[in-house]
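I have placed the structure first, in the form of structure tokens, so that the comments after it can refer back to it.
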Amino acid sequence: MSNYTVLLSENGTVAVDDTLLVKGAEAKAGSRMLEGFKPLFSAEAVTRLEKAGYTMHSKTHVGEFGLDLVGEFSNDCKQTGALRGAAASLVADGTVKAALAVDVNGAPRRAAMLEGVSFLKPTYGTVSRYGVISTAASGEQVGVYAKTADGIAEVMRVIAGHDGKDGTSLPAERYEYVTDAPAGGKRVAVVKELLDKADDAAKANVNAYADALRAKGVTVEEIRVSLTDAAAVAWQILMTAETCNNVSRYDGVKFGHRAENYKTIDELYVNSRTEGFNFLTKAVILYGSDVLSKTRYKACYDKSLRVRRVAAEAMNALFAQYDAVLTPVASVTGFEAYDIHEAFDKVFKESVFTAIPNLVGIPALVSGGVQLMGKAFDESVLLSLAAAVEKEG
Amino acid sequence: MKYELVIGLETHVELSTESKIFCSCGGHAAADEPNDCVCPACCGMPGMLPVMNKRVVELAVTAGLMLNCHINRYTTFDKKNYYYPDLPCAYQITQLNHPICTDGCVTVKTSEGSRDIRIKQIHMEEDAGKLVHEGNSSYVDFNRTSVPLIEIVTQPDFRSAEEVVTYLAKLRSMFRSGGISECQEGAMRCDVNISVRPEGSEEFGVRTEIKNMSSFEAIERAIRYEAQRHMDALEFELEELVQETRRFDEVSGKTFAMRNKETEADYRYFPDANLMPIIIDDEWLEQIKANKPVAVDEKAEDYRAAGIVEKDIATLLSDHKISRLLDDTVALGCDAKTAASWILTDCAGILRKDGKSFDDLVVTPEKLATIIKMVEDGTINRGAGKKVLIAVVEQDVDPVAFCKEQGLDRKVDTAMIDEVIDRVIAENPKAVEDFRGGKAKALQALFGACMRELKGAGDPAMIKEKLEAKLA
Ligand SMILES: [Zn+2]
């Protein structure tokens, strides 16, 4: 695993994904475009952990800008065979107690599933995005990997809370994260549309988890949620548009990679970016640029903003009846290395399971190979359900 | 045929804030060297997020109130995408869908009469940086990136170059006196939209836009040139007018079409997810209104009524700091005309002598009012007042203490002190005898009596010396 990480401190207990900044440590977000970029400050989540006495163990490699499945398309290392996520695997083998990662399109959730560890993508606005190498500002959020719900809660108590340096940070100074709320009497919904898209192994995971919940006195019911596909498309449109815009600053002028051969400023831009970005990022840029164009804006971007509102309302209505939603994390329980030209479609296909929390800002917890989504600020409900099931095993 | 000129303006004004619009860097005026005034945020480094400077909102609202605009209580930011090396993020944060102010109106008075110019909108945005070209290399200077601007967009309501220049002069004077912008060289930049149509026609002619001019003189010349070009084109059919962007060349006095990008640029505007919508509630709006300086026109009337001459009114209205000093001094109970003369004649004279300008003036309204009152109530004469003012302006002394030290206070002039000492000697024969008889303590009693009579005025050492001399 050493080629997946850059060690910061042997004594460290927390790994940090390379989409988050640690002062002075080269931060590339898996991209050649950011080669040699050393940030002048640390991400707020990192600073808060350090102030609380934690030491950062390593920077863990991510797929370029965190846009792929689990980190397979990084400029820093090439994966073959079964895919694994760098931070998740350090948590799984006990090298670190916890890891921080940015969830923009489900990559850390899928990585957690592969390693059998837990990952929480918190409610939007609860953890500062200061120091995140940003792609899709409206839905990305810093989350936490740990082996258990308790491990996640411990880190969340430190990193969550208002930060004046992030305009999207919510005003609450701190949040409570409990893992021992009674599970009995809770109501959990399984989304049929998502279950149907999963293979047998993924389905079996969900069913086993549902049984474990039932054993704790939880009511589990299958429901239909018609907007899963629309939500995935809407998030793809918003996510690619925002990413296209946010990575446009990587132009070879100020820092990072600059092409050697150019005669004009346009050549400098084109050659640097052609060399610096991988195929998946380029596909995201093209797609995002297209949906923002004058002729497409209304039908694509604007409509996606409306889908976001409708989806938020629908999820709220659902959470009036259920405490949590149980879904597969992906269509499969394992991924093999594949050709990058297939990446854009492959990631989209998997994002149908993960898009809703990014789109509407609700929390999502991956634990025991399944995903639990909850109402905004209901992390404690999700963590307590997961903790109850963990104790079962 | 007679033609009518139709002009609309887009005016960018740099705001006078202590820091940039989305980071805490000082304004670019504070910078000496290129990239002196930059931080990771205004250099576009990843990880930094824009944080709204509330002062920008307040100044934009104040400008909107001055131009009789509707203030939108819900206002949002959008990103405008384009690549240029002076734009570090490759997008500019601006306002497209929900600008802060809309639907205003301002009256301009020219030799042809007065006309109402409708303001379409005012929006907030960030400025871009600057490129410096040297030989084969180009350098970027980000000092100016993220400096706050407002853009004021009018309807096509101007009918002459004179109206345009009058409008701009009015904006400049309003913004200076309102503390919104210093409007120094280059801080006010204009894009002029111009078309020409036969008089009486309701339809607009083909419109051209002349970009990025900052001197009033250039704007006036550019409009006259461009209007003539349009009229000639219509009259003689020499050339076909096309909708395009042009630039004005100050040397030749002509406008030239700018290199046309094949198609009109698509800036791919979309909402900025990093900045939450700004809500201006009643309380905040009232607070801004309460702090809004009196409108220039009203203020001019007040000064006129106080008997201040036109020339001085013009100076006062063009300098927020000076009109503020005057207003505050008047608020402390001084006569406006008198105070204006102290500021505009005396202070100005002292500064000029020292090779300084009003920018360097440090006198507080309290100190100025103290000096004026001392002259008014006869404590000191006008000449002494001037001396005190010089000391205040140059060394920032306390005027009352300074008068006493220097013996400027008429109540402590030598003659008066002599008179008091003589009287004390005459009234205390016993003590005088005792002193002359060798009792040193008696001198102390006489000195105390003098001091009581003088009520603390005058230099004690000097009084003691005089007393001893008279007793000897
Ligand atoms: Zn800055």
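What follows is calculated from the coordinates using simple rules that are stated; it is not laboratory data. This is a predicted model, so every value here is computed, not measured. Quick reminder, even Gly has a Cβ in these numbers, built from the backbone with ideal geometry, and neighbours come from all protein chains shown.
For the pairs A:121/A:298; A:28/A:59; A:346/A:375; A:165/A:282; A:282/A:303, note any where the Cα-Cα span goes beyond 20 Å.
A:121/A:298; A:346/A:375; A:165/A:282; A:282/A:303
With a Förster radius of 60 Å, plug the Cβ-Cβ distance of residue B:136 and residue B:341 into 1/(1 + (r/R0)^6) and report the FRET value to the nearest 0.05.
The calculated FRET efficiency here is 0.55.
Could you list which residues have their amide H under 5 Å from that of residue A:190, counting only those 5 or more apart in sequence or on another chain, with H placed in the peptide plane?
The answer is A:221, A:222, A:223, A:326.
Taking every Cα atom in the stretch B:297-406, find the radius of gyration and the maximum pairwise distance Dmax, and write them in Å.
13.5, 44
Select from B:75, B:59, B:44 the residue farthest towards the positive end of the dipole of the stretch B:11-88; place +1 on Cβ of Lys and Arg, -1 on Cβ of Asp and Glu, and compute about the Cα centre.
Among B:75, B:59, B:44, the one farthest towards the positive end of the dipole of the stretch B:11-88 is B:75.
Per-residue counts of other Cβ atoms within 10 Å, averaged by peptide: what ranking do you get for A:28-35, A:334-341, highest first?
Ranked from most to least packed, the peptides come out as A:28-35, A:334-341.
Among A:251, A:166, B:282, rank each residue by its count of other Cβ atoms within 10 Å, from fewest to most, as a rough exposure measure.
B:282, A:166, A:251
From Cα pairs below 8 angstrom and at least 6 apart in sequence, can you work out the relative contact order of the stretch A:250-330, rounded to a whole percent?
That works out to 16 percent.
With unit charges on the beta carbon (Lys/Arg positive, Asp/Glu negative), name the residue among B:417, B:451, B:438 whose Cα is farthest towards the positive pole of the charge dipole of the stretch B:414-471.
B:438
For residue B:4 and residue B:281, compute 0.36 nm times the residue count separating them, minus their Cα-Cα distance, and round to one decimal in nm.
That works out to 95.4 nm of additional length.
Just grab the label-to-label distance for residue B:211 and residue A:295, each label 7 Å out from Cα along the Cβ direction, in nm (one decimal).
Calculated label separation equals 2.4 nm.
Between 0 and 90 degrees, rounded to the nearest ten: what's the tilt of helix A:279-292 against the longest Cα principal axis of chain A?
Approximately 80 degrees, to the nearest 10.
Which of rounded, prolate, oblate describes the stretch B:3-279, given a ≥ b ≥ c as roots of the alpha-carbon gyration tensor eigenvalues and a/c under 1.5 marking rounded, otherwise prolate only if a/b is larger than b/c?
Here the stretch B:3-279 falls in the prolate category.
Looking at the stretch A:103-197, which trypsin sites (Lys or Arg not before Pro) are DSSP coil and have at most 12 other C-beta atoms within 10 Å of their C-beta?
Those satisfying the criteria are A:174.
Would you mind checking which residues have amide H under 5 Å from residue A:12's amide H? H placed 1.01 Å from N; only 5 or more apart, or other chain.
Amide H neighbours of residue A:12: none.
Tell me which GluC sites (Glu not before Pro) from the stretch B:1-109 have a DSSP coil assignment and no more than 14 other beta carbons within 10 Å of their own.
Listed in order of number, the matching sites are B:18.
How high is the relative contact order of chain B, given as a whole-number percent (alpha carbon pairs under 8 Å, six or more residues apart)?
The value is 14 percent.
Kirkwood hydrodynamic radius for the stretch B:414-471: how many Å is it when counted over pairs of different Cα atoms?
Computed over the stretch B:414-471, the radius equals 11.1 Å.
Across the stretch B:428-443, in residue order, what do the Karplus-derived ³J(HN,Hα) couplings come to in whole Hz, using 6.51 cos²θ - 1.76 cosθ + 1.60 with θ = phi - 60° and x for Gly and Pro?
Per-residue couplings from phi come out as 10, x, 4, 5, 4, 5, 4, 4, 5, x, x, 7, 4, 4, 4, 4 Hz.
I need the semi-axes of the equivalent ellipsoid of chain A: take the C-alpha gyration tensor, multiply each eigenvalue by 5, square-root it, list largest first in whole angstrom.
Largest first, chain A gives 32, 24, 19 Å.
By how many degrees, 0 to 90 and rounded to 10, does the Cα axis of helix B:365-376 deviate from the longest principal axis of chain B?
Result, in degrees: 50.
Regarding the stretch B:86-140, what's the average projected area of the Cα-atom convex hull, expressed in nm²?
Approximately 7.1 nm², given one-decimal rounding.
Please give me the summed charge of the neighbours of residue A:93: other residues whose Cβ is under 14 Å from its Cβ, Lys and Arg +1, Asp and Glu -1.
Once positives and negatives cancel, what remains is +2.
Can you give the helix-only mean residue ellipticity at 222 nm for chain B, where every DSSP H stretch with n ≥ 4 adds -39500 (n - 2.57) and the sum goes over all residues, rounded to the nearest 500 deg cm²/dmol?
-12000 deg cm²/dmol
Tell me, what is the percent relative contact order of chain A, built from C-alpha pairs under 8 Å that lie six or more residues apart?
Computed over chain A, the figure is 21 percent.
Under the classification rounded if a/c is under 1.5, otherwise prolate if a/b is larger than b/c and oblate if not, where does the stretch A:221-282 fall, given a ≥ b ≥ c as square roots of the Cα gyration tensor eigenvalues?
prolate
Report, in degrees rounded to the nearest 10, the 0 to 90 angle that the Cα long axis of helix B:296-305 makes with the longest principal axis of chain B.
With rounding to tens, the tilt is 40 degrees.
Using +1 at the C-beta of Lys and Arg and -1 at the C-beta of Asp and Glu, which of A:116, A:73, A:194 has the Cα lying farthest in the positive direction of the dipole of the protein assembly as shown?
A:116
Using only C-alpha atoms and all pairs of different ones, pull out the Kirkwood radius for the protein assembly as shown in Å with one decimal.
32.2 Å is the Kirkwood radius here.
About its Cα centre, what dipole magnitude does chain A give when the only charges are +1 on Lys and Arg Cβ and -1 on Asp and Glu Cβ, stated in debye to the nearest 20?
Its charge dipole is roughly 760 debye.
Of the lysine pairs in the stretch B:3-279, how many meet both conditions: Cα atoms under 21 Å apart, and a spacing of 8 or more in sequence or different chains?
Final tally of qualifying lysine pairs is 20.
Give me the orientation-averaged projected area of the Cα convex hull of the stretch B:1-60, in nm², one decimal.
7.2
So for chain B, what percent of the C-alpha to C-alpha distances run longer than 37 Å?
Roughly 46 percent, rounded to a whole number.
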